[in-house]
Amino acid sequence: MSGPKFIADRIFSLSKENLSSTVMRLAVTSVALAIAVMLISWAVVVGFKNQIRDKVLGFVAPIHVQSLDMNESVEETPFVLDSLLISRLNAIEGITHYQMVANKAGMIKTDDEIQGVILKGVDENYDWSYFRKSLLEGQTPEYHADERSNEVLVSKVIADKMLLGVGDDVRVWFIDKDNQARGRKFSVSGIFETGLHEFDERYVFADLNQIRKLNGWEDDEAGLLEIALEPNADADQVNEKLYYSLPTDLASYTARESNPQIFDWLELLDTNVWLIMALMLLVAGITVISMLLIIIIERTSTIGLLKAMGASNKFVREVFLHRSLRILLIGMLIGNIVGLGFCFLQQYTDFVKLDAATYYLSSVPIELHLSTVIFINLGTFALWVLMLLIPTSVINRITPTKSIRFE
């Protein structure tokens, strides 16, 4: 056993009832609380961002292509997915799937209610995997290229407001190019709920052939081309390559460019979590510094005695740093147990609930990786150790002649 460790174990104790032991217990609590809060904050923010992002991308796709025009309405200018465009899409690395869709504004009307909606037309190539996981009742529609289907998929928000159920008929009204109202009767095949209220209350999924018929388009025309990417693909990089490979009459946009308000809101969460972590580091660091200063003051006579016996300033500093590091490690261990325990409990039980209408999620999400846990622990430990060097500089100014008589 080294000399500084032996002396530190003899003169310091958490069980003794004195000022230094009380301060050490307070320091342990502060360090544990800081580590637990940092772990929980990081896990919640990362989980929240990823789940909301996945919901948005499941609804609107990471990238979409549309005609390059000044059309600011919901309805798009049609274009054709020809062989040249297909070859350029297949040449870009990172693209896994693409599908033609179109939007048309309409209005659902029943005997008692009226609701403005956007009819999103999709075809037989549409990827329903995201909506199958969000399906509450019924099933997703089945569409075919050679016929027009009357089946639609509606959200729970619309179904509850319009008193609709699976199998019910619903009439949707549209305005044609001659400003005449035209109605179409559809049948509800299923009801979904994504939790994204601003999308759920607007969109109804229908056959793309219905949109083509209503707009007077050709059988191969659509308003948007939605593009899915590989899980690790960078949407901005893929979009940049795609943008410069498209014909001059087409343009591509990422989901962030189409929905900046949602992604900007998610970016603000990063600022919040970094602020929380900085405050926790600062509060716990100040507590640890204060603890070490109080211990040094209380043990001034001991420091003088050690120096009188020939101990160097470095030796004495190591005595106090050894005890301080032990307190840090105990606090960090407790903090990890509390923080990780909360994360695992929430991840498997969802005992902390949220208002889905406000937060888009029904419970607090958790996503925490081993690399993040290691990064937080090593980073905070290194920072606190550096902060501990500040109060130990006081030891250099303590002289044996005066400190031995210090009470």
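Taking only protein heavy atoms into account and a 1.4 Å probe, give the accessible area per residue of the range 270-357 in Å².
Per-residue accessible area for the range 270-357 comes out at 52 Å².
Mean Kyte-Doolittle of at least 1.6 and a Cα length of 18 Å or more along the axis: which whole DSSP H helices of the chain meet both?
Counting only whole DSSP H runs, the qualifying helices are 260-298, 370-392.
Looking at the range 205-270 from every direction and averaging, what is the projected area of its Cα convex hull in nm²?
6.8
How much mean residue ellipticity at 222 nm does the chain get from its helices, if each DSSP H run of length 4 or more adds -39500 (n - 2.57) and you divide by all residues, to the nearest 500 deg cm²/dmol?
-17000 deg cm²/dmol
Roughly how big is the chain's charge dipole about its Cα centre, with Cβ charges of +1 (Lys, Arg) and -1 (Asp, Glu), in debye to the nearest 20?
Using only the charged Cβ atoms, the result is roughly 3980 debye.
Towards the positive end of the charge dipole of the range 43-84, with charges on Cβ (+1 Lys, Arg; -1 Asp, Glu), say which of ALA61, GLN51, PRO78 has the farthest Cα.
Farthest along the dipole direction, towards plus: GLN51.
For the range 255-407, treating each Cα as an identical point scatterer without solvent, what Debye log10 I(q)/I(0) comes out at q = 0.18, 0.21 1/Å?
Once normalised to I(0) and log-transformed, intensities are -1.12, -1.31.
Could you pull out every one of the aspartates and glutamates with an alpha carbon less than 17 Å from that of LYS161, ignoring same-chain neighbours closer than 8 positions?
Output for LYS161: ASP111, ASP112, GLU113, GLU137, ASP169, GLU193, GLU198, ASP200, GLU201.
Which entry is the computed Kirkwood radius over Cα pairs in Å for this structure: (i) 26.1; (ii) 21.4; (iii) 25.2?
So the structure-derived entry is (i).
What percent do you get for the relative contact order of the chain when only Cα pairs under 8 Å and 6+ apart count?
Computed value for the chain: 27 percent relative contact order.
Please go through the residue pairs LYS133/LYS177; LYS55/LYS185; LYS120/LYS241 and name each one whose alpha carbons sit more than 31 Å apart in this structure.
LYS133/LYS177
The values are calculated or read from the model by the stated rules, or taken from the named source; none is laboratory data. Source: prediction; values computed, not measured. Glycine gets a Cβ as well: all are built from the backbone with ideal geometry, and neighbour counts include every protein chain shown. Surface accessibility is based on the protein's heavy atoms, side chains included, excluding ligands, DNA and RNA. Shrake-Rupley method; radii C 1.70, N 1.55, O 1.52, S 1.80 Å.
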